[in-house]
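Data first, discussion second: the structure below is written as structure tokens.
The values are calculated or read from the model by the stated rules, or taken from the named source; none is laboratory data. Please read these numbers as outputs of a predicted model, since none were measured by experiment. When we count neighbours, we look across all protein chains shown, and the Cβ atoms used for this are built from the backbone with ideal geometry, even at glycine.
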């Protein structure tokens, strides 16, 4: 089993970006340009390495390889994006890898592109790239090229060596468990061994509601691979554990003013098998709450007025400050209730919310995370 933290270190140590490895400060697949560039890199790396894995490391400075991290990213529907835009789409996995020196809410993103031995191309137009385009790696750059029938396999031995040197061992596993237990000891940190092989650590603030146990500020890691499986500072989560599985149901808090309610968002089940393998099943549970259209019109107009005041640098009233905290979720509710223009308003609010208040910006990112899951389904 590969220790993904070691793998990232070995990739970063292997000179510069090349035909099997790329690094990015960040990606933004919420915008059309960022989505197009991400798809271009996936296409190029897949075509340039027909017989071995390729990787993209996200959260690294380009100049000096400094690991600065990015936000936790839920990749559950990213394969849907790949399948929608690429012909002969490779299997792509996005994993969140914690590093001890990073803040709790930051990880390094690791994108693994599995070799398929077929030519991958864009299925349809996106941004400035045309449908049918084929990309390859030219050193550290992804470029459109005419397909050559005899792609030389020059990386298999190098990639195999890097992966072999990144294998996990008992020392790495024990150190990972101890690091997690010590760093999360204020949040009811626990661990469980599955199938005498897999070690899952989790932590969260525990509370009981009508005899049901829920957790907030939840952090869950698969220690064997040094992969963070779940992280949220906001949501409520229920956890169910058997000898063979670890199940999470995630709830999101949505509503207006003081009338908020928890809605089930997604169920994640990690199944552990006797053959030293595991798989993760995800199922979207979310049913968008429906509200009175007249009320939504009023809230939508109020949000727009607050946004205009933020743009002009005007002082908000006490009531507007309360509404500002609800602005990301109420824009989201409007969009889910057939106000398509609410999404544009929410996206335009990003720089003003980020500049105004970090807490409100966290709520903005949470709203986009929910939206991403719903739209990719």
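Answer yes or no as to whether residue 104 is assigned by TED's automatic domain parsing to the domain that holds residue 47, touching a residue at least 40 places away in the same chain (Cβ under 8 Å), assigned to a loop (DSSP other than H, G, I, E, B) and closer than 16 Å to residue 226 by Cα.
Yes: the conditions hold for residue 104.
Taking region 220-240 as the search range and keeping residues that are touching a helix residue (DSSP H, G or I) at 6+ places or on another chain (Cβ under 7 Å) and part of a strand (DSSP E or B), which one is surrounded by the fewest Cβ atoms within 10 Å (Cβ to Cβ)?
For region 220-240, the residue satisfying everything is 227.
Quick check on region 142-152. Is at least one of its residues outside the structural domain of residue 176 (by TED's automatic domain parsing) and at pLDDT 90 or above? Let's see the steps before the verdict.
From region 142-152, those outside the structural domain of residue 176 (by TED's automatic domain parsing) are 142-152; that's our starting set.
Narrowing further to those that are at pLDDT 90 or above: none.
No, that holds for no residue.
Kindly indicate which of 326, 319 is within 16 Å of residue 305 (Cβ to Cβ) and touching a residue at least 40 places away in the same chain (Cβ under 8 Å).
On the way: 319 fails: touching a residue at least 40 places away in the same chain (Cβ under 8 Å).
Result: 326 is the single residue among 326, 319 that is within 16 Å of residue 305 (Cβ to Cβ) and touching a residue at least 40 places away in the same chain (Cβ under 8 Å).
Restricting the search to region 254-272, which residues are in contact (Cβ under 8 Å) with a residue 24 or more places away in the chain and surrounded by fewer than 18 Cβ atoms within 10 Å (Cβ to Cβ)? Even if it seems obvious, please write down each step before you answer.
Step one: list which residues in region 254-272 are in contact (Cβ under 8 Å) with a residue 24 or more places away in the chain, which gives 254-257, 261-263, 265-266, 268-272.
Residues satisfying the conditions are 255, 256, 257, 261, 262, 263, 269, 271.
For region 255-273, which positions are at pLDDT below 95 and either outside any strand (DSSP E or B) or at positive phi (or both)?
255, 257, 258, listed by residue number.
Given the residues 346, 296, 321, which is the only one that is part of a helix (DSSP H, G or I) and closer than 16 Å to residue 367 by Cα?
Numbers: 296 fails: closer than 16 Å to residue 367 by Cα; 321 fails: closer than 16 Å to residue 367 by Cα.
Exactly one residue qualifies, and that residue is 346.
Among the residues in region 89-98, are any part of a loop (DSSP other than H, G, I, E, B) and in contact with a helix residue (DSSP H, G or I) (Cβ under 6 Å, 6 or more places away or on another chain)? Working first, answer last.
Of all residues in region 89-98, those part of a loop (DSSP other than H, G, I, E, B) come to 89-91, 98.
Right, trim to in contact with a helix residue (DSSP H, G or I) (Cβ under 6 Å, 6 or more places away or on another chain) and you get 89-90.
Yes, region 89-98 contains at least one residue that is part of a loop (DSSP other than H, G, I, E, B) and in contact with a helix residue (DSSP H, G or I) (Cβ under 6 Å, 6 or more places away or on another chain).
Which one of the conditions (1) in contact with a strand residue (DSSP E or B) (Cβ under 6 Å, 6 or more places away or on another chain); (2) in a helix (DSSP H, G or I); (3) farther than 24 Å from residue 154 by Cα does residue 34 fail to meet, given that it meets all the rest?
(1) is the only condition that residue 34 fails.
Would you be able to tell me the number of residues in region 83-112 that are crowded, with 21+ Cβ neighbours inside 10 Å, under 16 Å from the mean Cα position of the chain (by Cα) and over 14 Å from residue 8 (Cα atoms)?
Total satisfying the criteria: 1.
Does residue 157 meet the test of being surrounded by fewer than 13 Cβ atoms within 10 Å (Cβ to Cβ), free of Cβ contacts under 8 Å to residues at least 24 places away in the same chain and part of a strand (DSSP E or B)?
Working: surrounded by fewer than 13 Cβ atoms within 10 Å (Cβ to Cβ): yes; free of Cβ contacts under 8 Å to residues at least 24 places away in the same chain: yes; part of a strand (DSSP E or B): no.
When the stated conditions are applied, residue 157 does not pass them.
Kindly establish whether residue 275 is surrounded by fewer than 15 Cβ atoms within 10 Å (Cβ to Cβ) and farther than 30 Å from residue 245 by Cα. Please lay out each step first, then the result.
Details: surrounded by fewer than 15 Cβ atoms within 10 Å (Cβ to Cβ): yes; farther than 30 Å from residue 245 by Cα: no.
So residue 275 does not fit the description; no.
Inside region 179-219, can you point out the residues that are in a helix (DSSP H, G or I) and surrounded by 12 or more Cβ atoms within 10 Å (Cβ to Cβ)? Can you show your working first?
Of region 179-219, the ones in a helix (DSSP H, G or I) are 179-183, 185-187.
Result: 179, 180, 181, 183, 187.
Out of 353, 314, I need the residue that is in contact (Cβ under 8 Å) with a residue 40 or more places away in the chain and outside the structural domain of residue 255 (by TED's automatic domain parsing). Which one? Give the steps one after another, and end with the answer.
Values: 314 fails: in contact (Cβ under 8 Å) with a residue 40 or more places away in the chain.
Selected residue: 353, the only one of 353, 314 that is in contact (Cβ under 8 Å) with a residue 40 or more places away in the chain and outside the structural domain of residue 255 (by TED's automatic domain parsing).
Please work out if residue 307 is in the same structural domain as residue 334 (by TED's automatic domain parsing), surrounded by 12 or more Cβ atoms within 10 Å (Cβ to Cβ), touching a helix residue (DSSP H, G or I) at 6+ places or on another chain (Cβ under 8 Å) and in contact (Cβ under 8 Å) with a residue 12 or more places away in the chain. So that I can check it myself, show each step before the final result.
On the way: in the same structural domain as residue 334 (by TED's automatic domain parsing): yes; surrounded by 12 or more Cβ atoms within 10 Å (Cβ to Cβ): yes; touching a helix residue (DSSP H, G or I) at 6+ places or on another chain (Cβ under 8 Å): yes; in contact (Cβ under 8 Å) with a residue 12 or more places away in the chain: yes.
In short, yes.
What pairs come out if I take residues in region 172-188 that are more than 22 Å from residue 233 (Cβ to Cβ) and pair them with residues that are assigned to a helix (DSSP H, G or I) whose C-beta lies under 7 Å away, six or more apart or interchain?
Pairs found: 173/223; 173/224; 177/223.
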